[in-house]
Amino acid sequence: MTWHLLMKTLTVKDGERALLTRNGRLERVLEPGRHLLFDLRRQWTAEVFNIVRTEFPVERYAVLKAARPDLAAELFEAVETKANEIAIVSLDGRPVHLMTPWQARVYWKVATSIDVERIDVASDPRVTERHLAMIERNRPTVVTEAVVENHEAGLLYVEGRLVERLAPGRHAFWIAGRKIEVKRLDLRPQAVEITAQEMLTRIASRCV
């Protein structure tokens, strides 16, 4: 940005937008190009943002939305999660952010394709193979996994309550906002040692 007496020159590049404010109040958004601003009383301020696959501060979005809901809807995609909800946010087809319950994020959408997949973990805590592949980096904090062997039975507990018996195989569950535990039971016959005295006692009890 350069100054020439009463005139301000601002260049906005491709992949950028400038928020133009006068006395702290948003007036308009400047698109790529060279802009000349006549600023007799030094009232104008321009803030330049990179808009390609980037976020916008949630607090500033709330203020902008209240003052200029038309611009907020045109420029941004706001994503908020509810209780028991997971959201996977993809930018230009690539999964980038995993949002847990009660989170909010705001994205510039004028140069980026934004897709949001919401998952209700209350209705089904299972994690699909497709979702596992999308959240590879975030698994330890939001997902618990267990492998039930062929000779085992898996018992699924949600908040301490037994809800399902799991078949052999790999299982994954969302743990955001809840306690989930998988207990494995060995179904193979177990050898039990019986002493001679115990054997005699059992025989005697049967003869009585």
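Observations
- Top-ranked residue of segment 20-36 - restricted to ones that are surrounded by 15 or more Cβ atoms within 10 Å (Cβ to Cβ) and in contact (Cβ under 8 Å) with a residue 40 or more places away in the chain, ranked as farthest from TYR107 (Cα to Cα): LEU26
- Counting the residues of segment 59-89 that are touching a residue at least 24 places away in the same chain (Cβ under 8 Å) and loosely packed, with under 13 Cβ neighbours inside 10 Å gives 3.
- The residues of segment 123-166 that are in contact with a Gly (Cβ under 9 Å, 6 or more places away or on another chain) and either open to solvent by less than 60 Å² (accessible area, probe 1.4 Å) or at positive phi (or both), listed by number, are ALA146, VAL148, GLY154, LEU166.
- If you go through segment 37-56 and pick out every residue that is at negative phi and open to solvent by 60 Å² or more (accessible area, probe 1.4 Å), you end up with 8.
This table checks each residue for (1) more than 29 Å from ARG130 (Cα to Cα); (2) at pLDDT 95 or above; (3) outside any helix (DSSP H, G or I).
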site	(1), (2), (3)
LEU37	yes, no, yes
ARG41	yes, no, yes
GLU47	yes, no, yes
ALA78	no, yes, yes
ALA83	no, no, yes
VAL89	no, yes, yes
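- Pairs, first at positive phi and assigned to a loop (DSSP other than H, G, I, E, B) in segment 100-118, second at pLDDT 95 or above and hydroxyl-bearing (Ser, Thr, Tyr), C-beta under 7 Å, six or more apart: TRP102/THR81
The values are calculated or read from the model by the stated rules, or taken from the named source; none is laboratory data. All values derive from a computational prediction rather than experimental measurement. So basically every Cβ, Gly included, is an ideal-geometry build from the backbone, and we count neighbours across all protein chains shown. Quick note on the areas: whole protein, heavy atoms, side chains included, nothing else; ligands and nucleic acids left out. Shrake-Rupley method; radii C 1.70, N 1.55, O 1.52, S 1.80 Å.
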